[in-house]
Amino acid sequence: MPRYAYVNGRYLPHGQAAVHIEDRGYQFADGVYEVVPVAGGRAVDEIPHLDRLERSLAELRIAMPISRRALELVSRELLRRNDLRDGLIYIQITRGVAPRNHAFPAHARPALVMTTKRMGFAGQSKFKDGVAVITVPDLRWARRDIKTINLLPNCLAKQAAAEAGAYEALQVDDEGNVTEGTSSNAWIVTRDGKLVTRHLSNDILHGVTRRTILAIATEEGVAFEERPFTVEEALGAREAFVTSATSFVTPVVEIDGGRVGGGKPGPLTRRLLAWYRDYVAGLRDSA
Ligand code: PMP
């Protein structure tokens, strides 16, 4: 069965899906994206993901190319055509095709591309054994709250992690505080059992998984604080983990070669992963 991509109103076999060389996404990274996890054939947290997409577009003054309802229908149709049960929907919107010129074109139509990717979320060893991460200086721009396709610093950092045999790189600001991972939000559990993740601002992406985990923590009576933390505090923490639409709650057991929490996924991390899995499977509500 061919895998389909949606490109500006058409469902095309993935291998034939293409955009013009003067698409501003290609020329300037002038666009935004979203990754919506899919579990059991159902989009997870679709509403907050599409809310964030609309917010990213508004911040860059790019119009929604089709209505939100139409976007939801295209998602369903792509899931159906690609027979996708577990994985993700990738949505990318750029300012469109125009002769190369930095200022906005007067008449470009925003371009929409959607694809799906199959992924199995069960039984991955990272959940059982945890992962190693490294730390790198955060080299990104000042609007990390916008989910733009300009991901070069993230790519460089993830490559550094890969070369170090690590799963993720935690980015660190000029004050020595962790901002977030290259494609995840960062969390620790303090010595007195409090969950800590950085507060929302322009310094980090407002993770949808982060939001859901905080809602679950509230429901379960787990105390949390939204504030910055340093690499040193993370190294001395009881537990650490990262969250994202595709890494769920991934335990971190090593930072820059130093062991965290005795080198094993901690109990609160494991509980949060179990609760989140139930949520994704539709077995519990969060907010
Ligand atoms: N931070 C960054 C930089 C990311 O790219 C992602 C992944 N989209 C996240 C955090 C986690 O966000 P979410 O939980 O919405 O996937």
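The values are calculated or read from the model by the stated rules, or taken from the named source; none is laboratory data. Every value quoted in this text rests on a predicted model; they were computed, and no experiment measured them. Reconstructed Cβ throughout: ideal geometry from the backbone, glycine too, with neighbour counts over all protein chains shown.
So that you can scan it fast, the table gives a plain yes or no per residue for (1) aromatic (Phe, Trp, Tyr); (2) within 13 Å of the ligand (Cβ to nearest atom); (3) surrounded by fewer than 17 Cβ atoms within 10 Å (Cβ to Cβ):
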| residue | (1), (2), (3) |
| --- | --- |
| GLY221 | no, no, yes |
| GLU225 | no, no, yes |
| PHE229 | yes, no, no |
| ARG238 | no, no, no |
| VAL242 | no, yes, no |
| SER247 | no, yes, no |
| VAL252 | no, no, no |
| VAL260 | no, no, no |
| VAL280 | no, yes, no |
Quiz item: Do any residues in segment 126-148 that are in the same structural domain as GLY207 (by TED's automatic domain parsing) and more than 14 Å from SER247 (Cβ to Cβ) have Cβ atoms under 9 Å from those of residues that are part of a strand (DSSP E or B) and small (Gly, Ala, Ser), where the two are at least six apart or on different chains, and which pairs are they?
Solution: ILE134/ALA169; THR135/ALA169; VAL136/ALA169; THR148/GLY31
Quiz item: Looking only at segment 1-30, which residues are on the phi < 0 side of the Ramachandran plot, in contact (Cβ under 8 Å) with a residue 40 or more places away in the chain and among the small types (Gly, Ala, Ser)?
Solution: ALA5, ALA17, GLY25
Quiz item: Looking only at segment 103-126, which residues are at pLDDT 95 or above, more than 26 Å from LEU78 (Cβ to Cβ) and more than 16 Å from the ligand (Cβ to nearest atom)?
Solution: ALA103, PHE104, PRO105
Quiz prompt | Scope segment 127-147; condition within 11 Å of the ligand (Cβ to nearest atom) and within 30 Å of TRP275 (Cα to Cα); matching residues | solution = ARG144, ASP145, ILE146, LYS147
Exercise. Give the residue that is surrounded by the fewest Cβ atoms within 10 Å (Cβ to Cβ), with candidates limited to residues of segment 177-211 that are near the ligand (Cβ under 8 Å from one of its atoms) and among the hydroxyl-bearing types (Ser, Thr, Tyr).
Key: SER183
Quiz item: Only one of ILE47, ILE89, ILE93 is assigned to a helix (DSSP H, G or I), within 16 Å of the ligand (Cβ to nearest atom) and not assigned by TED's automatic domain parsing to the domain that holds LEU235; which?
Solution: ILE47
Quiz item: Which of (1) within 19 Å of the chain's Cα centre (by Cα); (2) surrounded by 14 or more Cβ atoms within 10 Å (Cβ to Cβ) is the odd one out, the single condition ARG270 does not satisfy?
Solution: (1)
Quiz prompt | Yes/no for PRO99 being within 23 Å of the chain's Cα centre (by Cα) and either surrounded by 15 or more Cβ atoms within 10 Å (Cβ to Cβ) or in contact (Cβ under 8 Å) with a residue 40 or more places away in the chain (or both) | solution = no
Self-check item: Of all residues making up segment 157-169, the number that are more than 18 Å from THR243 (Cβ to Cβ) and outside any helix (DSSP H, G or I)
Solution: 2
Quiz prompt | Output for segment 72-86, where each listed residue is in contact (Cβ under 8 Å) with a residue 40 or more places away in the chain and in contact with a helix residue (DSSP H, G or I) (Cβ under 8 Å, 6 or more places away or on another chain) | solution = LEU84
Exercise. Might you let me know whether segment 108-130 holds any residue that is within 18 Å of HIS49 (Cβ to Cβ) and of a type in the set (Ser, Thr, Tyr)?
Key: yes
